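Here is the structure we will look at, set down as structure tokens.
The values are calculated or read from the model by the stated rules, or taken from the named source; none is laboratory data. Given the structure is predicted, the values throughout are model-derived calculations rather than measurements. Here the Cβ positions follow ideal geometry from the backbone for every residue, glycine too, while neighbour counts run over all protein chains shown. Side chains included, ligands, DNA and RNA excluded: accessible areas come from the protein's heavy atoms. Shrake-Rupley method; radii C 1.70, N 1.55, O 1.52, S 1.80 Å.
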Amino acid sequence: KSVEGNVCVIDELKNVFEVAIASAYPYLEKPPVAITLSGNNPKFGDYQCNSAMGISQLLKAKNIKSNPREVANNILNKAPTSPLIERIEVAGAGFLNIFVNKAFTEHVLNSILRFGVKPPPVKKERVIVDFSSPNIAKEMHVGHLRSTIIGDSICRVLEFLDYDVLRINHLGDWGTQFGMLIAHLQDKFPNFKTHSPPISDLQAFYKESKKRFDEDEEFKKRAYACVVKLQSHESDYITAWKLICEVSRQEFQKIYDRLDIKIIDRGESFYHDRMHVVVKLLKEKGFLEEDEGRLIMWADEKREGIPLTVVKSDGGYTYDTSDMAAIRQRVEEEKGDRFIYVTDAGQQTHFVLIDACARRAGILKDDQKVEFVGFGVVLGEDKKKFKTRSGDTIKLIDLLDEGLKRSLDKLVEKGRDKVLTPEELKQAQEAVAYGCIKYADLSHNRVNDYVFSFDKMLDDKGNTAVYLLYALTRIRSIARTAQVSLEQLLAEAKKTGLKFNHESEWKLAKVLLRFPEIILKVSKDLYLHSLCEYLYEISSAFTEFYDKCYCVEKDKEGKIVNIIYERLMLCEVTARIMEKALEILGIKTVSKM
Ligand code: ARG
């Protein structure tokens, strides 16, 4: 079997041990095959198989005498040879320590050097990712920012693996709030049909209409009447609604452009007719029950917890109805296999219920997965809800602007404005500003709340985007100073390949080897912080390597006297994997900063 740059070592080892265990214990049904990383002590090898203990238990249950050490030895004896494995040792109470083969690793990294960073192969699936999803006319707040950043990065991981990904913006563009917005629009801009109203600040417009709605009974009545007319698709009302949506969309798009987010608008209104259909279907199948005038649906017969409200007592539809229609559309029309929702943790119960009811109604089949990607709240540095000094909610555009300002300050503080061209400085400024905001979010376990702090995220020490971007430019500058072009490097690679002679070269190489396994893990559990931790691990291993191993030797006058090409190759592979990982996190890299 040929070895490619995209091989997932841990999965290959799993295969090897599956074969070994099956041949040592053919009469055991589903024996455990557990492979893990070994941790920091090189004595314990690179990976570990801890199956012997579990198997020994299974044998005991069958009244077969054994002890884990003996089981480990049996597995060892049956292990097929593999180019990945240098040797296996039995240790302690029956651990199998696996040492990765150096020639194999050299070969893998060489193939990355020659052919680029390629994804490990996966079974193709269609994945629908519902993320960002702000509400029209209301503000897009930091919670939506989190959803946008996390959702985009999830799409990037899956796209890298060549899944068929559909990025959906489930905009809140259909609801009773449009009644008061339209009524207010009619008063403020009576000729809105012919002259596009100059609404520059939709949030202020929203506030004005909300105020009238709360204080003026007459207005309130009109607002309700507007909702009815909108729902029955009266053309003037649709025009007004479209106008308002458009203003919002343009605002959202500014954020997406800056953060380089691709997403398709498909708001709740898209499901308007499909809601009728799904309600009819649920009614016919007998899943809807009356409850104080409304129609509800329970997750199962036990009627525990809370039900979905599918139809309100006034006949209107709800957030639940639109999500039932949406999931049905994603199954039937989009032919999705996997459905991912990225919202704040508070909506988990909603999506668990949608999942359960869609399954109960036969919309979802067993092999289709619904995954809820929840995240915690964004807090200010005072650990309270993130607000401006005056207590207002923070506008995302202002936040991004502040990021730009702070990142420029930081670059100037370091004197970078004197070395970089204006164009390079601007690129660095944007890469740092948006990169640091994204990375701060992604590098924390998403289920936890997180404290938004520009000071922390712009620190050039520790696990931050700034640190990684600097580390990367430093690596990139090594070949530049050596004046070795990529062509030269590739020509050398063809001749000699990569060779790891020094201990710290070997250590770095083994970290790089793990890229496919990290990517596959993230693509399954959708926790991006492990990719961030991995990036940090790479740059730490690189620092150690670079401290101990010179790549270019210079004499006293600074003239280059010796170039160690194998090490420059290792630098190149390191940079490529870091760049790929950063790209997956949605972070732009720069060659100089
Ligand atoms: N608009 C919602 C909010 O702002 C999020 C929508 C999430 N997606 C969905 N299919 N319900 O909280």
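Summary of values
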{"item": "Bins of 5 Å, starting at 0 and running to the largest distance - Cα pair percent for the stretch 1-122", "result": "2, 11, 20, 22, 17, 12, 8, 5, 2, 1, 0"}
{"item": "Backbone N within the stretch 153-188 under 17 Å of label point (7 Å from residue 221 Cα along the Cβ vector)", "result": "180, 183-184"}
{"item": "Spatial separation of Cα centroids for the stretch 282-351 and the stretch 537-593, in angstrom", "result": "53"}
{"item": "Enclosed volume per residue, in Å³, of the convex hull spanned by Cα atoms of the stretch 312-373", "result": "92"}
{"item": "Full-stretch length increase - residue 302, residue 189 - with 0.36 nm per residue and alpha-carbon distance subtracted", "result": "35.4 nm"}
{"item": "Per residue value of the accessible surface for the chain (all protein chains in place, 1.4 Å probe), Å²", "result": "48"}
{"item": "Descending principal axes extents, the stretch 313-417, alpha-carbon based, whole Å", "result": "62, 36, 22"}
{"item": "Charged-residue dipole, Cβ positions (Lys, Arg, Asp, Glu), the chain about Cα centre, Debye nearest 20", "result": "1260"}
{"item": "Modelled FRET efficiency - R0 51 Å, residue 455 with residue 284, Cβ distances, 0.05 increments", "result": "0.30"}
{"item": "Distance between modelled label sites at residue 292 and residue 332, nm, 7 Å Cα→Cβ extension", "result": "3.2"}
{"item": "Magnitude of the charge dipole, the stretch 127-229, Cβ model with Lys/Arg +1 and Asp/Glu -1, debye to 20", "result": "360"}
{"item": "Projected area, mean over directions - the stretch 419-458, Cα convex hull, nm²", "result": "3.1"}
{"item": "Rh by Kirkwood over Cα pairs, then Stokes-Einstein D for the stretch 371-485 at 0.890 mPa s and 25 °C, µm²/s", "result": "156"}
{"item": "Qualifying GluC sites (Glu not before Pro) for the stretch 306-363 [loop in DSSP, other Cβ within 10 Å: at most 11]", "result": "333"}
{"item": "Of the GluC sites (Glu not before Pro) in the stretch 75-182, those whose Cβ has at most 12 other Cβ within 10 Å and which sit in DSSP loop", "result": "none"}
{"item": "Cα-centred dipole magnitude for the stretch 501-560, charges only on beta-carbon of K, R (+1) and D, E (-1), debye, nearest 20", "result": "120"}
{"item": "³J(HN,Hα) computed for each position of the stretch 526-534 - Karplus, 6.51 cos²θ - 1.76 cosθ + 1.60, integer Hz, glycine/proline x", "result": "6, 9, 6, 5, 5, 5, 5, 4, 5"}
{"item": "Residue (of 66, 96, 36) at the positive-pole extreme of the stretch 24-148, dipole from beta-carbon charges", "result": "66"}
{"item": "Gain in span if fully extended, residue 318 to residue 27, counting 0.36 nm per residue against the direct Cα distance", "result": "99.3 nm"}
{"item": "Label-to-label distance, nm, for residues given as residue 424 and residue 201 (7 Å Cα→Cβ offset)", "result": "4.1"}
{"item": "Most positive-pole-ward Cα, 363, 390, 348, against dipole of the stretch 336-392 from beta carbon charges", "result": "390"}
{"item": "Inter-site label distance for residue 67 and residue 477 at 7 Å from Cα along Cβ, in nm", "result": "5.9"}
{"item": "Added length on full extension, which subtracts the Cα-Cα distance from 0.36 nm per residue, residue 264 to residue 89", "result": "57.7 nm"}
{"item": "Accessible-area composition of the chain, carbon plus sulfur, in percent [1.4 Å probe]", "result": "50"}
{"item": "Spread of Cα-to-Cα distances over 10 Å intervals beginning at zero, given as percent, for the stretch 151-288", "result": "10, 31, 29, 21, 8, 1"}
{"item": "Volume per residue that the Cα convex hull of the chain spans, once the total is divided by residue count, Å³", "result": "204"}
